[in-house]
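The values are calculated or read from the model by the stated rules, or taken from the named source; none is laboratory data. Values in this document were obtained by computation on a predicted structure and should not be read as measured data. Positions of Cβ are generated from backbone atoms using ideal geometry, with glycine treated the same way; all protein chains shown enter the neighbour counts. Surface areas here come from the heavy atoms of the whole protein model, side chains and all, with no ligands, DNA or RNA. Shrake-Rupley method; radii C 1.70, N 1.55, O 1.52, S 1.80 Å.
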Amino acid sequence: MENSADGCRLSLKSVSIFAGFILLGLAGNHFNLPIGFNVHFIFGSIFCILILSICGLRWGLIAAVLTSSYTFILWNHPYAIIIFTAEILWIGIWFRRGRSNIILLDSFYWLCLGIPLVALFYSGVMHLDFQITKVIALKQTVNGIFNALIASIILSLAPLGKLTNRNNRVRVGISHILFQVSVFALMLPSLGLIMYGNYNERQREELKIAETLQLKATEKTESLNRWVSEHMNAARVISELGKTYPLRPSEKLQQELARIHELFPEFHNVFIGDPSGRTIAFHPPVNERGESTLGITFRDRNWFKKLTETRKPVISEVFAGRGGVFEPIISISVPLLRDDNIYCFGLGAANLNHLKKLIIPDNPDEGNIIYLTDENDKIIFSNSDQLLPLEKISPADNQTIVSTGVQGVSIRIPGKQKHISAMQIWRGAFFITEKKVEGTGWTFHYEYPIEPLQSYLYETAINNLSIVAGLFIVAMTLAAFIGSGIGKTHKKLVTISDDLPDKIARGEALSWPKSSIREISFLIDNFELVSTALSKRLQEIQNAKETLEETVAKRTEELFRANQNLGSILASSPIAISWASGQGEIEYINDKFIDLFGYTLQEIPTLKDWSRKAYPDKEYRDEVARNWAEAVKRAKREERDLQDFEANITSRDGLVRATSIAATWVDHRILVFFTDITERKELEAKTLQMARLAALGEMASGVAHEINNPIAGVIGCAELLQTKLEKKEHREIVRRILSEGDRIARIVKSLLATARPGSHNRDLFSLADCFENVRTLSQEKMVKEGIILTQNIPDDLPQIQGEQQHIEQILLNMISNASHALHARFPEAHPDKQLHIGAGFCDEEKQSICLEIRDQGSGIPKNSIGKIFDPFFTTKSAKEGTGLGLVVCYEIIKKMGGDIRVESEVDSHTTFTIEFPLKSPD
């Protein structure tokens with residue numbers, strides 16, 4: 001295998017590749033395969049060898065230091081970093097000397113330098129025992145050779161030189177391939193079996209130990225439960241002596257206590273006390289110091305305080321005795337109640353040594369730790385000299401608890417310590433289980449050391465890895481021997497086939513080698529056939545070359561002419577055409593497209609640019625996008641072209657064109673056709689408006705007939721009534737009736753004239769006078785609704801020509817609509833509930849007057865503004881509006897030669913601007 005020792009050129013690409021391999025190396029160390037108890041197969045050195053082979057020694061050493069630094073996290077010491085960096089240095093030095101068999105180089109490293117370094121650091125510096133050192137040496141050797149094998153295979157098969165633009169693809173001989181295959185075929189299954197076997201063995205042994213530990217802990221806890229129950233009954237019997245004997249010292253009471261104490265020798269002493277905590281009878285009657293035990297008070301003891309609070313049996317925490325004995329004890333006290341108050345109580349102080357002998361045998365399993373703690377985590381008893389009674393158990397810092405799969409049994413692993421191997425830390429790990437003792441605050445602890453299991457698994461791993469190492473040596477020897485024989489024939493074949501076409505062209509005689517290996521013999525035969533066929537084909541190729549050149553030239557000319565014709569057709573098409581790629585890039589627009597919309601291809605290079613210019617309003621753009629997506633989806637589902645999609649497109653000059661769009665898909669491109677239908681849409685709108693006005697005319701005729709007759713009667717009666725009334729205020733009311741009746745008649749006449757145009761009077765009148773008449777009629781209602789009306793109509797404005805009652809009708813309609821909008825936004829009185837009416841010249845030329853009606857009401861939604869002048873369209877309820885008011889206003893204004901515009905914002909304001917020409921239209 002040939003290799004290049006040249007370093008990578010420093011560039012963004014090479015640095016990125018280097019960083020990528022570093023990350024892969026760290027990942028290879030992180031996602032490791034554990035053998036057991038912090039023995040891991042790691043794979044980071046694979047990528048260090050790849051960097052070494054591609055970029056050279058300097059980069060390889062940097063990669064080794066960076067990737068192997070992860071081992072400090074895994075194994076809690078820096079020495080593996082030195083060992084793995086030395087491995088890359090060793091291989092790199094031999095690379096420079098022309099050696100390229102990575103597997104052999106790595107094998108010699110571990111035999112000559114790697115294993116001695118392991119012994120130096122792990123045994124000499126960290127003082128690990130021989131077994132751990134041996135496991136590490138074998139594991140790292142096999143692990144390193146396996147990683148070298150994987151790196152060698154990658155370099156043989158993957159064109160890594162392309163990553164750095166270097167032509168350094170590894171050339172591999174057949175003997176080397178055989179070597180790689182042999183070693184890989186041996187190591188992969190054997191290592192897999194080792195890991196699988198160790199994993200299963202560990203799981204089986206852990207489960208066995210955990211189940212045994214659980215069983216023993218359960219047995220001991222049950223024994224404690226029985227002991228507590230029996231001695232609780234003993235304390236209850238003592239308390240019930242208060243039912244038989246008076247609560248004062250007596251010989252008989254003392255004898256009963258002595259009898260009970262004899263039955264329960266696990267008690268140091270027993271006594272009966274009164275409600276104040278003072279002893280009445282006590283056995284033995286004197287303590288270890290010869291002092292009397294009668295009359296001692298225990299009022300200050302925690303167990304007595306709890307007894308008086310709960311009036312229930314109490315098992316105390318462990319404490320130092322001071323009355324009968326002067327060593328750590330626990331007490332069991334039971335009260336005797338009368339009328340729900342403590343009459344007396346019985347108590348026994350347990351002998352912890354007797355209790356310990358009951359639970360812990362004289363010869364416990366070696367290494368086991370057994371202890372009992374109270375509710376405050378204080379030691380009651382234990383089998384360890386380091387866990388003494390009354391000491392409080394505190395959890396160790398940084399320790400880790402791992403589940404075993406058996407409920408209630410875990411593994412406690414000590415926390416990391418500086419420069420202490422993680423394997424050594426496992427020596428201090430324990431299987432642990434805890435059981436609560438019923439009716440107490442006690443916890444029973446049973447711990448079993450990991451070390452025996454760890455030693456057993458390490459010994460198994462040593463044996464298995466030794467077998468793999470031996471087989472590896474055998475495989476390398478056989479592969480080298482067989483590969484050398486095969487390589488001779490292969491090299492001769494390579495020599496003959498080198499520059500084969502030139503040799504055939506020159507007519508050289510070829511002497512092909514022979515081989516007894518079937519596959520190589522087939523290869524040689526194929527080379528002979530190829531050389532014969534190649535000779536014939538060379539002449540055929542020469543002849544075909546001349547014919548092909550002529551055909552290509554002819555076809556190229558035909559294709560050029562066809563493209564010219566297609567371009568001419570598209571450019572002269574009367575329909576606007578564009579097409580875009582599947583990535584949204586607009587590739588072509590024809591002349592008609594530019595004429596219609598004004599945009600060039602440079603202005604709209606993508607569909608996004610086109611969408612933003614064609615639909616500048618974001619809400620409308622989003623609406624078009626949704627509708628277009630639905631139309632495209634429907635067309636594709638029905639397997640047809642998209643047709644008749646309509647949209648309003650804004651041209652470059654700001655003109656909005658109604659457009660019909662069709663589209664089809666060709667080779668992942670979309671071809672779109674645009675047709676201007678603006679005139680058609682305007683004609684349709686006019687036709688629809690005429691039809692609605694015709695319907696309005698029919699309705700107006702009926703309304704005029706139905707209203708004129710009744711209103712004529714009302715006016716006649718009012719005139720008659722006016723002659724009969726004497727009071728001035730009554731006659732004024734009748735005059736108002738007559739005036740409004742005349743106005744109704746004029747409105748009906750106006751409505752009929754609006755729907756059916758005809759002749760009408762055109763007089764000069766003042767807008768200020770019109771407003772005053774309308775305000776008189778509307779003032780009372782607006783005051784009642786809390787509307788603030790302001791006006792700015794100068795008296796000196798020129799008069800306009802038309803029918804005054806029509807303008808008053810428009811003002812009344814506008815004020816009514818504004819009042820409704822204000823009431824919708826402000827149902828009650830409010831400072832912003834305002835309506836303003838103003839007038840003035842529309843421009844500096846003073847050719848027209850603009851009347852502005854502005855309210856601060858609920859506003860008109862954007863989707864309704866375009867419909868408000870349509871007959872029968874209304875945003876009010878059926879009881880509040882008919883949809884004819886603005887239609888009549890619109891027609892009146894148009895007949896006067898004027899214009900009406902509206903601007904509105906929801907929940908803010910609405911402004912109607914009416915323009916009246918000062919000259920009457922013809």
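For the stretch 656-676, taking the residues that are open to solvent by 20 Å² or more (accessible area, probe 1.4 Å) and of a type in the set (Val, Ile, Thr), the one that is farthest from the chain's Cα centre (by Cα) is identified as THR675. Residue count for the stretch 106-134 satisfying the condition of being farther than 15 Å from ILE83 by Cα and part of a helix (DSSP H, G or I): 4.
Consider ALA119 carefully, then state whether it is out of contact with any strand residue (DSSP E or B) (no Cβ under 6 Å at 6 or more places or on another chain), modelled with pLDDT of 85 or more, closer than 16 Å to HIS40 by Cα and of a type outside the set (D, E, K, R). In short, no.
The one condition from (1) in a helix (DSSP H, G or I); (2) of a type in the set (D, E, K, R); (3) touching a residue at least 12 places away in the same chain (Cβ under 8 Å); (4) closer than 21 Å to VAL624 by Cβ that LYS592 does not meet is (4).
Only one of the listed residues (ILE83, ILE93) is in a helix (DSSP H, G or I), closer than 27 Å to HIS30 by Cα and of a type in the set (Val, Ile, Thr). That residue is ILE83.
Quick check on the stretch 366-424: of everything there that is in contact with a Gly (Cβ under 7 Å, 6 or more places away or on another chain) and of a type in the set (S, T, N, Q), which residue is most open to solvent (accessible area, probe 1.4 Å)?
If we filter the stretch 366-424 for residues that are in contact with a Gly (Cβ under 7 Å, 6 or more places away or on another chain), which is where we start, we get 374-375, 396-399, 414.
Next cut, of a type in the set (S, T, N, Q) only: 398-399.
Numbers: ASN398: 123, GLN399: 60 Å².
The extreme case among them is ASN398.
Filter the stretch 203-238 down to residues that are more than 20 Å from VAL437 (Cα to Cα) and open to solvent by 50 Å² or more (accessible area, probe 1.4 Å) and give me whichever is farthest from the chain's Cα centre (by Cα). Once the filter is applied, the top-ranked residue is VAL237.
Looking at the stretch 635-655, which of the residues that are open to solvent by 100 Å² or more (accessible area, probe 1.4 Å) and in contact (Cβ under 8 Å) with a residue 40 or more places away in the chain is nearest to TRP610 (Cα to Cα)? Looking at the filtered set, the residue picked out is ARG652.
Scanning the stretch 336-358 for residues that are part of a strand (DSSP E or B), farther than 26 Å from VAL286 by Cβ and of a type outside the set (Phe, Trp, Tyr) yields a count of 4.
Scanning the stretch 604-612 for any residue that is assigned by the TED database to the domain that holds PHE674, part of a loop (DSSP other than H, G, I, E, B) and more than 17 Å from THR675 (Cα to Cα) turns up at least one such residue.
Within the stretch 830-865, how many residues are part of a loop (DSSP other than H, G, I, E, B) and closer than 19 Å to SER908 by Cβ? Break it down stepwise before answering.
Kept after step one, since they are part of a loop (DSSP other than H, G, I, E, B), are these residues of the stretch 830-865: 830-833, 842-847, 856-861.
Of the ones still in play, those that are also closer than 19 Å to SER908 by Cβ are 830-833, 856-861.
Going through the stretch 830-865 one residue at a time, the tally reaches 10.
Does LEU66 satisfy being open to solvent by 50 Å² or more (accessible area, probe 1.4 Å) and touching a residue at least 40 places away in the same chain (Cβ under 8 Å)? Spelling it out, LEU66 is indeed open to solvent by 50 Å² or more (accessible area, probe 1.4 Å) and touching a residue at least 40 places away in the same chain (Cβ under 8 Å). The criterion of at least 2 residues that are within 22 Å of SER229 (Cβ to Cβ) is met by the following strands (runs of 3 or more DSSP E) wholly inside the stretch 399-444: 430-436. Mind listing whichever residues of the stretch 611-660 are more than 21 Å from GLU682 (Cβ to Cβ) and touching a Ser or Thr at 6+ places or on another chain (Cβ under 8 Å)? Scanning the stretch 611-660 gives LYS613, PRO616, ARG621, ALA625, ASP641, LEU642. Every listed requirement among (1) out of contact with any Asp or Glu (no Cβ under 9 Å at 6 or more places or on another chain); (2) surrounded by fewer than 15 Cβ atoms within 10 Å (Cβ to Cβ) is met by THR293 save one, (2). Residue pairs whose Cβ atoms lie under 7 Å apart, sitting 6 or more positions apart in sequence or on different chains, and linking a residue in the stretch 390-404 that is on the phi > 0 side of the Ramachandran plot to a partner that is in a strand (DSSP E or B) and at pLDDT 85 or above, are LEU390/ALA320; LEU390/PRO328; LEU390/LYS378; LEU390/ILE379.
Tallying residues that are open to solvent by 40 Å² or more (accessible area, probe 1.4 Å) and modelled with pLDDT of 70 or more within the stretch 461-480 yields 9. Answer with yes or no whether ASN269 is in contact (Cβ under 8 Å) with a residue 60 or more places away in the chain, buried (at least 20 other Cβ atoms within 10 Å of the Cβ), assigned by the TED database to the domain that holds VAL334 and of a type in the set (S, T, N, Q). So ASN269 fits the description; yes.
A quick yes/no check of all residues on (1) buried (at least 17 other Cβ atoms within 10 Å of the Cβ); (2) modelled with pLDDT of 90 or more; (3) in contact with a helix residue (DSSP H, G or I) (Cβ under 7 Å, 6 or more places away or on another chain):
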{"site": "GLY866", "(1), (2), (3)": "no, no, no"}
{"site": "PRO871", "(1), (2), (3)": "yes, no, yes"}
{"site": "SER877", "(1), (2), (3)": "no, no, no"}
{"site": "MET896", "(1), (2), (3)": "yes, no, no"}
{"site": "THR910", "(1), (2), (3)": "yes, yes, yes"}
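In the set PHE326, PHE345, only one residue is among the aromatic types (Phe, Trp, Tyr) and surrounded by fewer than 21 Cβ atoms within 10 Å (Cβ to Cβ); that residue is PHE326. Within the stretch 249-294, the set of residues being modelled with pLDDT under 90 and either among the basic types (Lys, Arg) or on the phi > 0 side of the Ramachandran plot (or both) comprises ARG289, GLY290.
Yes or no, residue by residue, for (1) small (Gly, Ala, Ser); (2) more than 30 Å from PRO452 (Cα to Cα):
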site: GLY20; (1), (2): yes, yes
site: LEU23; (1), (2): no, yes
site: ALA27; (1), (2): yes, yes
site: PHE72; (1), (2): no, no
site: ASN76; (1), (2): no, no
site: LEU89; (1), (2): no, yes
site: ILE93; (1), (2): no, yes
site: ASN101; (1), (2): no, yes
